[in-house]
Amino acid sequence: MRVLWIATKSPWPPRDGGRLLLTESLRAVSAAGVAVTLVAPVERGERAAAEEALRAVCEPRLVVARQRPRALAALTSVLSGRPYSLARHDRPTVLRAVERELRESARAGGIHFDAVVAEQLQAFAQSAAAERSSDLPGARPVPRILRAQNVESDLWRQLGEASRGVVRALLLREAARLARAERAAVGAAAATIALSAADGERLRALAGPAQGSERIDARIQSHIHARIHANIQVLPPPFPGRLDAAGQRLAGSPALVLFGSAGWEPNRRGELRFVNEIWPRVRAASPTAALHWFAGSAGPGGSSGASGVGHPDHPGVLVHRSPATSAEAFAPGAILVLPLDIASGVRMRVLEAWARGVVMVASPEAASGLDAADGRELLLARSGPDYAQAIARLATDGGLAGRLIAGGRARLASDHAPERFAAGFVALVAQLAERPAGAVRQ
């Protein structure tokens, strides 16, 4: 089985959740015998190292290309009516690389790709060449699969609802445009993979009959709904059951770990809220605690400064560079905090914490998409007092941390085993390869 996989960024190094998700997915399907050709943009200085690391799991075809500048993407969005985030990820060089792979596949003595996978909505436009591939001599239609890491329109809608004034209006307009784009992509794809049952239901709702469909015959509506349901499959992200934690402990009793993300607004909102509002309550309840803020979006010691520098405005906060490997932040005995209030999809940091044997305290939004319960695989908290109480509980209940770690690893084994993901993916591609690419349509 051969698959052409298109991504919006190189999965290596896996320094954020999206890259980590793709890395583990490639590793899982490669172990199952799937030959993957990966086309993705990459920074010029990272290309050689990324290609070397990725050769173990795929044939990397990394293209040096940058995102469209924000101002140009905004102008393109205004003039075209396309969503801003899609305009920002337009990369003609990536599209040309996809077309080249499809042409060469058609000429390779009857060897063809069985499917083209677009990783995220923003990569789906680059998969359009698969629709035209049957025009090539000796070629046949190649089914397209959209793998939705989240429901993009939901994230932008939540951001809009949390904002005010002009910003609120712009974000809600972008959410509406993304909802239309998601509807169109799900309709054009032979299949869509969602990471969670909740995301699957949201995508089915978005892709349902359009306004005015009440005039459609009930039998036709039932047929449409059945096709939508079959078109969207839930495959939880794969992750290994056990990974080593960092060898060295972090300062603090306890040591709390917070991952920063200056490039993604929902994460940035969560980290700043934790540092500014929640951490003082935690510190008051646990004076010996220390917060290790990795790649913090503000203060000294950010992505390019010294690591482990005390924050001048927040006692007990140590700001670190982004770790070369995420294992550095998952220290023995540490507590991962995930304070997101806007989320969709599945947080890969949760899966990694389970695998590395690190307990976590997370907001309900951060834990959404997972079949996890408070006190079984993690502790849930929303406000400052909630986090303070949960962290104090871990200090006083000697067996709680062990139970949470065991529960998390059991959840990994039941829902996120790489073999389970690979089997579902292989079955889906095999099913699609037996029928024309356009067989599943609205």
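The values are calculated or read from the model by the stated rules, or taken from the named source; none is laboratory data. These numbers come from a predicted model, not from an experiment. No Cβ is skipped: glycine too gets one built from the backbone with ideal geometry, and neighbour counts run over all protein chains shown. Side chains are part of the model used for accessible areas, which takes the heavy atoms of the whole protein and leaves out ligands, DNA and RNA. Shrake-Rupley method; radii C 1.70, N 1.55, O 1.52, S 1.80 Å.
In the set Glu52, Glu104, only one residue is of a type outside the set (Phe, Trp, Tyr), over 21 Å from the mean Cα position of the chain (by Cα), open to solvent by 50 Å² or more (accessible area, probe 1.4 Å) and at pLDDT 95 or above; that residue is Glu52.
Number of residues in the stretch 75-89 that are open to solvent by 40 Å² or more (accessible area, probe 1.4 Å) and either touching a Gly at 6+ places or on another chain (Cβ under 7 Å) or of a type outside the set (Lys, Arg) (or both) equals 5. May I ask you to verify whether Arg168 is open to solvent by 10 Å² or more (accessible area, probe 1.4 Å), among the basic types (Lys, Arg) and either modelled with pLDDT of 95 or more or closer than 27 Å to Gly369 by Cα (or both)? So Arg168 fits the description; yes. Restricting attention to the stretch 344-367, which residues are open to solvent by 10 Å² or more (accessible area, probe 1.4 Å), within 13 Å of the chain's Cα centre (by Cα) and not aliphatic (A, V, I, L, M)? Correct list: Ser344, Arg347, Arg349.
Run down Val29, Val78 and say which single residue is within 22 Å of the chain's Cα centre (by Cα) and of a type in the set (A, V, I, L, M). Residue meeting the stated conditions: Val29. Just one of the listed residues (Ala125, Ala130) is at negative phi, modelled with pLDDT under 95 and surrounded by 22 or more Cβ atoms within 10 Å (Cβ to Cβ), and it is Ala130.
Residues considered: Ala423, Ala410. Of these, the only one that is open to solvent by 40 Å² or more (accessible area, probe 1.4 Å) and closer than 30 Å to Asp114 by Cβ is Ala423.
Scanning the stretch 21-45 for residues that are free of Cβ contacts under 8 Å to residues at least 60 places away in the same chain and of a type in the set (Ser, Thr, Tyr) yields Thr23, Ser30. Is it fair to say Gly18 is touching a residue at least 24 places away in the same chain (Cβ under 8 Å), surrounded by fewer than 17 Cβ atoms within 10 Å (Cβ to Cβ) and under 25 Å from Arg180 (Cβ atoms)? No. Where helices (runs of 4 or more DSSP H) sit wholly within the stretch 179-286, those with at least 1 residues that are modelled with pLDDT under 95 and closer than 21 Å to Ala388 by Cα occupy 265-273. Looking only at the stretch 142-166, which residues are part of a helix (DSSP H, G or I) and in contact with a helix residue (DSSP H, G or I) (Cβ under 8 Å, 6 or more places away or on another chain)? Answer for the stretch 142-166, where residues must be part of a helix (DSSP H, G or I) and in contact with a helix residue (DSSP H, G or I) (Cβ under 8 Å, 6 or more places away or on another chain): Glu152, Ser153, Asp154, Leu155, Trp156, Arg157, Gln158, Leu159, Gly160, Glu161.
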